[in-house]
Every structure is written in C-alpha cells, then in structure tokens.
1. Once the principal axes of the Cα atoms of the chain are found, what is the range along each, listed largest first in whole angstroms?
2. Order the peptides 14-25, 50-61 from the highest to the lowest mean number of other Cβ atoms within 10 Å of their residues.
3. Per DSSP H run of n ≥ 4, the term is -39500 (n - 2.57); total these for the chain, divide by its residue number, and report the mean residue ellipticity at 222 nm rounded to 500 deg cm²/dmol.
4. Keeping all protein chains in place and using 1.4 angstrom, which order do 130, 151 fall into by accessible surface area, from largest down?
5. Once you put a point 7 Å from the Cα of residue 112 and another 7 Å from the Cα of residue 142, both along the Cβ direction, what distance in nm separates them?
6. Carbon and sulfur together cover what percent of the accessible area of the chain at a 1.4 Å probe radius?
7. On average, how much accessible surface per residue is there in the chain, in Å², for a 1.4 Å probe, leaving out ligands, DNA and RNA?
8. Kindly point out which whole DSSP H helices in the chain project their C-alpha atoms 15 angstrom or further along the helix axis while averaging a Kyte-Doolittle hydropathy of -1.0 or above.
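The values are calculated or read from the model by the stated rules, or taken from the named source; none is laboratory data. Given the structure is predicted, the values throughout are model-derived calculations rather than measurements. Cβ placement follows ideal geometry from the backbone for every residue including glycine, while neighbour counts extend to all protein chains displayed. When the accessible area is computed, the model is the full protein with side chains, heavy atoms only, and any ligands, DNA or RNA have been set aside. Shrake-Rupley method; radii C 1.70, N 1.55, O 1.52, S 1.80 Å.
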Amino acid sequence: MGRACGDSKVLYFITKTIRKLIDDGLQTRVTVVTSGVKGFVRNNKECDVGFRLSQEGVHFVAPHMTKRKIGIDLEDFEKCLQTETIQLETFSDEFASKARALSMGSFVVYLNGFEDDYIKKFVVVMWRCRSDAVNCLVNKAELNGMKSKVRSVMGKA
C-alpha cells in the first residue's frame, strides 16, 4: 500500500484488516501516518527499477525472490555487515562473481544454512554499486544486533 495521492515514496505491507479499514474510508476521519511494515522505498538512483528493498520488510519478500538473492558463507556474511562501501575484491570469488553479474540496484544476501529460517534474520539488503563494490542498506543499530546474533548463534565470543 502506498500514499493515496501523488507518487509513493514507500510501499508498505499491511494486513487485510487494515486494508479494509482504509478502503472503508478511515483516512477521511483520521490521518494515517504509517500502517504497516516498510517493504520498498523509492529509488532515486539511475537504476532499472523504481524501488529498492527495505531491510524492515525483507523477511516477507526474500522467500519469494529468485534472481537477486545470493547465499553466502559466514566469512562473507560478516564482511557484509559494514557501514561503508565494500569492494567486491574483499569477498570470496564465488560471491564476488555473483554480485558482479547483478545490475545496479538492491539485492539480498543470506547466510547459507539459514535460507529457510527467516526468523533468525540472517538476511541483509545490499546495494550493487556502479563501481566494483556493494553497500549494506541496514541501519547501524540493526547491524550491531545482527553482529551480536551471529556471534551468539555461531558460538563466537
């Protein structure tokens, strides 16, 4: 669901109940600021698609993705959890070649072994840059939580 007027900047996943309330005219009585989980955000970059994935809603979208989803090992996954631009040469050859094959835009990486366990949240939205690099599209607080979760689940101190 997006805004009723103008171009939507954000597309939200909402429940059927909320959708019915909005369709029945709820917005004429109250102002709805946000109504669900952010799924997609308008892309302002020169890209083939108009929207990029949001980390907030990736767990709903990733199970249905096929082309822009890459399974990676623990070492590469930990490298993805950085706030700055990451050069592809720092990753394994397997991941680097798969990422290079993607056009510019958002894609998903997941930790191998957890591809069917989205509850553990080992899924990260990344951005394939114009150059030979990628960026992690996750805020710092969530990145720190994911790093902690990787340490606890994988038995690292």
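1. 54, 37, 26
2. Details: 14-25: 11.8, 50-61: 18.8.
With the highest mean Cβ count within 10 Å placed first, the list reads 50-61, 14-25.
3. Values: 6 runs with 45 residues, N = 157.
Using -39500 (n - 2.57) per qualifying helix, the result is -7500 deg cm²/dmol.
4. Values: 130 175, 151 100 Å².
So the residues, ranked largest to smallest area, are 130, 151.
5. 2.5 nm
6. On the way: 4840 of 9450 Å².
With neighbouring chains kept in place, the figure for the chain is 51 percent.
7. Details: 9450 Å² over 157 residues.
Here the per-residue accessible area is 60 Å².
8. Numbers: long enough: 140-153 (19 Å, -0.66).
Flagged H segments are 140-153.
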